[in-house]
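The values are calculated or read from the model by the stated rules, or taken from the named source; none is laboratory data. Note that the structure is predicted; figures quoted are calculated from it, not measured. As a convention, Cβ positions derive from the backbone with ideal geometry for all residues, glycine included, and neighbour counts pool all protein chains shown. For the accessible areas, the whole protein counts, side chains as well, though only heavy atoms, and no ligand, DNA or RNA atoms are used. Shrake-Rupley method; radii C 1.70, N 1.55, O 1.52, S 1.80 Å.
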Amino acid sequence: IDPYAIDRVEVLRGGGAVQYGSDAIGGTLNILTKAPSFAIEDQGKSIGKVLGKIMSENMEYSGRLEMEHIGQKAWIYTGLSVKKFGDIHAGGDLGILTPTGYKEISSDLKIAKKIGNSSLLTGGLQYLKQSQVPLYHEINNSNFTTYQFDPQQRYFSYLKLNKSFSSKLFNRLKWMICYQGSSEVRIKQRQVESDLLKDQDKVHTFGTSLELISKPIKSWNISTAIEIYHDQVNSSTQVTEANTEVKTYIRGLYPDDSKSTNYAISSLHRFTLSDITISAGLRYNLIHLNIKDSFFGSTNIQPSALIGNLGIVYSLNPNLRLVTTIGSAFRAPNINDVSSFGMADFRYEIPNFSLDPERSINFDAGIKTKFEDLEFSLHSYLIKINGLIANEFSNYNGLDSIEGLQVYHKNNINEAILKGLEAEGVLRLKSKYSIHANLVYTYGKNLSKNEPMRRIPPLYGRLGIVSTFQKGLNFRVDWMFGGRQLRLSAGDINDTRIAEGGTPGWQVINLTSSLMVGNHQIKLGLQNLFNKAYRVHGSGVDGIGRSVWVSLTGTLSN
């Protein structure tokens, strides 16, 4: 997703499965593009924007063109981004990470049209393509001489109708139809003398949803929705024999023409009673997996789940609120879980067609304060997961390893818990200065294996000071840190992305400033001021060292 096309990102804490379905167990990121706006006057206006960004050591060259037209009844927004990323110059004495550079091009279009006084029709298109993207950690660890994604592509299109009614039971209707396609080609070779593999996976997703908003009484809002999503996966592998041009096609990472259909119905309610707001909801999901596997046999799987949630917000006063929720969530096994066959990270995976959904119970509680000069929130949570899908040792045709990799398959073998604390706040000092801070602690344990869950992040935090002056000038200093992570699962220990013994703690300081000159903006950044060597836990690359970047944005309107 092109960051330049994003208007804002909403973080929804807690289990969001009642509203969003499978996979929304521990929280949801809602990524929103620019919302339509319409002119009040008879004459509309057009806005053009051009952006350019460069980073030292040739690590980035980016550019974007945008155009927006605002009319009384119609709105159009479109953009085109082109980017070239060079190899990362890491902090400390880690040097240049080769290869880590790649290219990217993306475009987006969004159109909205008012129909009468009660309807809004919105359509959107998105396209993004990345070329020659290397998998650095596999090449760096000498597992492969070549391993790159070329290309990675994503298409997305949708049409959405939002219609209002005067009825309380039929207050508003939302209908949406969409298509998303993704294509990925992986080119990999272990040694120069070995076979060259070219994997290609294509996923086509068609979806539609219908949502009815009702307001029987002033204090009661109801959202009732029906959703259907259908995935089709096409997968194949082309093998070029070493030192020849002989090509053959074999089964891909997934069985070709595998299908998954997701049916769901949900009902969400919100009651407002004086100082208390109560949210409650139910969702039923049925997923039909149709796997056509010439190697392991075809199968049909139909996992289902009925889940619900209950949340209470209590306003002690206008500046202080208490929040608590309890709910259930699930993650249905997908085509990747049940049918993956081949190399994946440090293992060789074989299929398992007998998987059930992961299920969880979520609890969270928090406090939120908001004053003129201070905003603060503190949240705690606990997630108990049953039937966690995880890798376990297996064998294939009597062999426990293939091409030097241990054979695994996925299974519902584990119970686990996740718990943690999240705190964030803003303190405004007079009119020119403000302090921003956040702190996150996460603890995860696989109860069945009596070991940590995989890739649990360490204590993480950020402290920033912002200075805002007249004439559109501001400065920001950010201190970011990550604690040591020595609690490793067996999978973490085998993961080449994690250092032996665990990930060291780190801290970096970044400086940024911006200046508005009329409708134009200049931004300047200095990353990793003290050139510290660091790596975010679980990442396949080290962090960027001391570097400078500058961006210019020009805006014209009429």
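For Glu245, Glu500, Glu403, give me the order by solvent-accessible area with a 1.4 Å probe, most accessible first, ignoring ligands, DNA and RNA.
Descending accessible area places them as Glu500, Glu245, Glu403.
Along the charge dipole of the chain, which of Gln238, Gln406, Val9 sits closest to the positive end, that is, farthest toward it, with unit charges on the beta carbon of Lys, Arg, Asp and Glu (+1, +1, -1, -1)?
Looking along the dipole axis, the top candidate is Val9.
How many nm separate the modelled label positions at His230 and Ala490, each set 7 Å beyond the Cα in the direction of the Cβ?
4.1
If I ignore ligands, DNA and RNA and count only protein heavy atoms, how much of Arg476 is accessible to a 1.4 Å probe, in Å² to the nearest 10?
Number for this one is 70 Å².
To the nearest 0.05, how large is the calculated FRET efficiency for Ile40 and Asp256 if R₀ is 41 Å and r is the Cβ-Cβ distance?
0.15
Which parts of the range 508-529 would a label at Ser557 reach, counting a residue when its backbone N lies under 20 Å from a point 7 Å out along Cα-to-Cβ?
515-523
Just the number, please: carbon plus sulfur as a percent of the accessible area of the range 89-163, 1.4 Å probe, no ligands or DNA/RNA counted.
The C+S portion of the solvent-accessible surface of the range 89-163 is 54 percent.
Net charge near Ser142, counting Lys/Arg +1 and Asp/Glu -1 over other residues with Cβ under 14 Å of its Cβ?
Within the 14 Å Cβ shell, the charges total +1.
In Å², and per residue, what accessible area does the chain have when probed at 1.4 Å with the other protein chains present?
Computed with neighbouring chains in place, this is 52 Å² per residue.
Between [x] 102, 25, 23; [y] 38, 32, 28; [z] 39, 28, 24, which entry matches semi-axes √(5λ) of the Cα gyration tensor in Å as derived from the coordinates of this structure?
Only one option fits the structure, namely [y].
Using R₀ = 22 Å, calculate the FRET efficiency as 1/(1 + (r/R₀)^6) where r is the Cβ-Cβ separation of Val11 and Lys370; round to 0.05.
After rounding to 0.05, the efficiency reads 0.85.
FRET efficiency for Leu378 and Ala280, Cβ-Cβ distance as r, R0 = 22 Å, nearest 0.05?
0.35
Roughly how much of Tyr284 is accessible, in Å² to the nearest 10, using a 1.4 Å probe?
Estimated to the nearest 10 Å², Tyr284 gives 100 Å².
Over the chain, what is the mean sequence separation of C-alpha contacts under 8 Å (at least six apart), divided by residue count, expressed as relative contact order in percent?
Worked out over the chain, it gives 10 percent.
Convex hull over the alpha-carbon atoms of the range 305-429: what's its volume per residue in Å³?
Hull volume normalised by residue count: 137 Å³.
My understanding is that a pair violates if its Cα-Cα distance is over 29 Å; which of Lys218/Lys370; Lys83/Lys430; Lys110/Lys430; Lys45/Lys84 do that in this structure?
Lys83/Lys430; Lys110/Lys430; Lys45/Lys84
Which residues does the label zone of Lys430 cover in the range 367-398, counting backbone N under 18 Å from a point 7 Å along Cα→Cβ?
From the range 367-398, the list is 373-374.
Kindly report, to the nearest 10 Å², the accessible surface of Trp175 as traced by a 1.4 Å probe over protein heavy atoms only.
Rounded to the nearest 10, the figure is 90 Å².
Past the 31 Å Cα-Cα mark, which pairs from Lys163/Lys259; Lys103/Lys368; Lys53/Lys532?
Lys163/Lys259; Lys103/Lys368
Cα extents of the range 447-551 along the three principal axes, largest first, in whole Å?
Taking max minus min along each principal axis of the Cα atoms, the range 447-551 gives 60, 24, 23 Å.
Largest first, what is the accessible-area ranking of Leu526, Leu169 with a 1.4 Å probe?
Leu169, Leu526
How large is the dipole of the chain about the Cα centre if only Lys and Arg carry +1 and Asp and Glu carry -1, each at its Cβ, rounded to the nearest 20 debye?
So the magnitude is around 2240 debye.
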